[in-house]
Amino acid sequence: MIQWKAEFLSAGGLIALLAAISLQGGAQAAEGASGYQINLLYTGEAWDNTMGGLRRGFSYMNNADVQLRVDAAKAWGVKGGKAVIEGFYANGISTGNTWVGALDQQSPIDTAAGKPMTKLYQAYYEQQFGHTAVLVGKYDLETEFSNTKPMSLFLSKNLTWNTALDQSGTMPNNGTIGPGNYPYTPLAVRVRQSFNDQWSLALAVANAASDDPKNLANNGAYFSPVYGAMIISEVDYTPVRYTKVMVGLWDVTSKLPAFGAKTPSGNQKYVYGEQGGYVGGETRLYAQEGRRGLDSFFTLGLSTPMTTNVSSSFNGGLTYTGLLDARPTDKMGVSFNINMASSYYKNSKIAQGSRFNSQEYSYEITYRAKLNDYVTVQPDAQYIVNPNFTPSLKNDLLVGLHFEIGNFFDL
């Protein structure tokens, strides 16, 4: 196996770099806009698994994130460019793996690592060339693909992305390789072409294993023919504000185990490649003054069934911005998700003598309120039916409080 490992910045190195840039940017800011902006963000979550799942219990997770944004035109005189460097520390506690046991995590900061993690999360440069934008570096594919704005309100991973895509490229006992999102972000090249104000096309090619799959706490890139590449493309149509239609295709070229398949000698059969696609969108159903109004969204994801546990997923929901006159920027949302087990995965489990449910359902209700420029709070409740397709796990009710302290600062 051909292997290449590139070490990136340590946590101390990242902080030192940001501090140095901050001093430089601060000196420039005294004379005018420097083009440097830093975001310091602390996220905390208190969860109580009140019933069902793996077991009842309480947990507290946190994430400290530092992001530096550079406007290349202001900072370096390069028109149409921007750079991002971002790192985080997470305390390693996993609400999903400890208490719930569902397919996907119920929190955007749950690393599922089971130990503290310090990661270089994103480090990329993007340059605009007319109607074409090229991005190169380490970045989160979830921020741009299979994504709608109303989805961003919710905390459950089932409801903030496409579960069929999120479960792609998973190798049992060998680490998670696809699909290139938090916390394991890959090196990638992304090209976005805008044809007019309504139509655009994005294509990204990334390494399918963001880090050494057997040492996921590392900061680096890992290339090999076994783990392959993640290729994803999406066409977006945005006819009016608050309305978007998206269609995407993806392919993980990794070597993956085929569920329930054996070689003539009786060993596990492996195949190269797992493919899928998705369609989704958002639209405003009811508009009030300003940004207030009711929005809806949905995403349908599909995946080839031989190498994945989820062959299809469907989510949807409603979000209301400014439901209360006194709080015009607050957001309230309700959503649902359905995960369908692949027939190959189901049959392999039954052949092993396991009982099995073919669907997992999840529901979420949440309310997000920005108390001031620095503090945001978000109470949340999630109900999960048939966690991880496992009949022995009772339906789960999880309630919690998500909060954020932080803001962007010009340097």
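All of the numbers you see were taken from the coordinates with simple rules; none came from a lab. Keep in mind it's a predicted model, so treat the numbers as computed, not measured. A quick note on method: Cβ atoms are made from the backbone with ideal geometry, for glycine too, and the neighbour counts reach across all protein chains shown.
So, in nm, how far is label Asn196 from label Lys370 when the simple model puts each one 7 Å beyond its Cα toward the Cβ?
Distance between the two pseudo-spin positions: 3.3 nm.
Work out the charge dipole of the chain with +1 on the Cβ of Lys and Arg and -1 on the Cβ of Asp and Glu about the Cα centre, then indicate which of Thr308, Gln193, Ala209 is farthest towards its positive end.
The one lying farthest along the dipole's positive direction is Thr308.
What is the pair-distance distribution P(r) of the stretch 86-139, computed from all Cα-Cα distances in 5 Å bins starting at 0, with each bin given as a whole percent?
Calculated P(r), rounded to whole percents: 5, 17, 18, 15, 13, 10, 10, 8, 4, 1.
For a label point 7 Å from the Cα of His131 along Cα→C-beta, name the residues of the stretch 186-204 whose backbone N is under 15 Å from it.
192-202
Calculate the length of the line joining the C-alpha centroid of the stretch 346-403 to that of the stretch 238-266, in whole Å.
After rounding, the separation between the Cα centres reads 23 Å.
All other residues with a Cβ under 15 Å from the Cβ of Ala258 taken together, and with Lys, Arg as +1 and Asp, Glu as -1, what is their net charge?
Surrounding charge for Ala258 is +4.
Of all the stretches in the chain, which is the longest one without any exposed loop site, taking GluC sites (Glu not before Pro) in a DSSP loop (any state but H, G, I, E, B) with at most 14 other Cβ atoms within 10 Å?
Looking at the chain, 32-288 is the longest stretch - no exposed GluC sites (Glu not before Pro) with at most 14 other Cβ atoms within 10 Å.
For the chain, what does the helix formula give at 222 nm: sum of -39500 (n - 2.57) over DSSP H segments with n ≥ 4, over the residue count, nearest 500 deg cm²/dmol? Walk me through the numbers on the way to the answer.
Values: 5 runs with 41 residues, N = 411.
My calculation for the chain gives -2500 deg cm²/dmol from helical runs alone.
I need the semi-axes of the equivalent ellipsoid of the stretch 259-411: take the C-alpha gyration tensor, multiply each eigenvalue by 5, square-root it, list largest first in whole angstrom.
40, 18, 16
What full-extension length gain, to one decimal in nm, is calculated for Tyr361 and Ala46 as 0.36 nm per residue of separation minus the Cα-Cα distance?
Numbers: separation 315, 0.36 × 315 = 113.40 nm, distance 2.28 nm.
Net length gain for the segment: 111.1 nm.
Each residue of the stretch 316-330 in turn: what ³J(HN,Hα) in whole Hz from Karplus with 6.51, -1.76, 1.60 and θ = phi - 60°, glycine and Pro shown as x?
After applying 6.51 cos²θ - 1.76 cosθ + 1.60, I find x, x, 10, 10, 10, 9, x, 4, 9, 4, 6, 10, x, 9, 5 Hz.
Once you list every other residue whose beta carbon is under 9 Å from the beta carbon of Ala73, what net charge do they have if Lys and Arg are +1 and Asp and Glu are -1?
Taking every Cβ under 9 Å from that of Ala73, the sum is +2.
Just to verify a number: FRET efficiency for Ala381 and Glu144, C-beta to C-beta distance, R0 = 30 Å, to 0.05? Mind dumping the intermediate values first?
Details: r = 29 Å, r/R0 = 0.97.
With R0 = 30 Å, the Cβ-Cβ based efficiency is 0.55.
Once the other residues with Cβ under 10 Å from the Cβ of Leu401 are scored (Lys, Arg +1; Asp, Glu -1), what is the net sum?
Summing Lys and Arg as +1 and Asp and Glu as -1 gives -3.
Over the chain, with a Gaussian network built from C-alpha contacts below 10 Å, which listed residue (Arg192, Arg69, Arg327) shows the highest mean-square fluctuation?
Looking only at Arg192, Arg69, Arg327, the largest GNM fluctuation is found for Arg327.
Have a look at Asp396, Asp104, Asp325 and tell me which one the Gaussian network model of the chain (Cα, springs below 10 Å) gives the largest fluctuation.
Checking each option, the largest mean-square fluctuation is seen for Asp325.
Apply the Karplus curve 6.51 cos²θ - 1.76 cosθ + 1.60, θ = phi - 60°, to the phi angles in the stretch 395-411 and return the couplings in whole Hz, x for Gly and Pro.
Each residue's phi maps through the Karplus curve to give 4, 10, 10, 10, 10, x, 10, 9, 9, 10, 10, x, 5, 8, 10, 6, 9 Hz.
By what distance, in whole Å, do the Cα atoms of the stretch 286-326 stretch along each of the three principal axes, largest value first?
52, 15, 10
Roughly how many Å is it from the Cα centre of the stretch 66-114 to that of the stretch 271-318, as a whole number?
After rounding, the separation between the Cα centres reads 22 Å.
Would you mind working out the magnitude of the charge dipole of the stretch 276-362 relative to its Cα centre, with +1 at each Lys and Arg C-beta and -1 at each Asp and Glu C-beta, to the nearest 20 Debye?
The calculation lands at about 280 debye.
So if I place +1 on the C-beta of Lys and Arg and -1 on the C-beta of Asp and Glu, and nothing else carries charge, what would the dipole magnitude of the chain be about its Cα centre? I want it in debye, nearest 20. Show your work: numbers first, answer last.
Values: 31 positive and 33 negative charges, 168 e Å.
Computed charge dipole of the chain: roughly 800 debye.
Over 26 Å, how big is the tail of the calculated P(r) for the chain, in percent of all Cα pairs?
Tail fraction, whole percent: 58.
Using alpha-carbon pairs under 8 Å, 6+ residues apart, how would you state the relative contact order of the chain in percent?
For the chain, the relative contact order is 16 percent.
Once you've got the GNM for the chain with C-alpha springs shorter than 10 Å, pick whichever of Ala326, Ala221, Ala83 has the biggest mean-square fluctuation.
Of Ala326, Ala221, Ala83, the Gaussian network model singles out Ala326 as fluctuating most.
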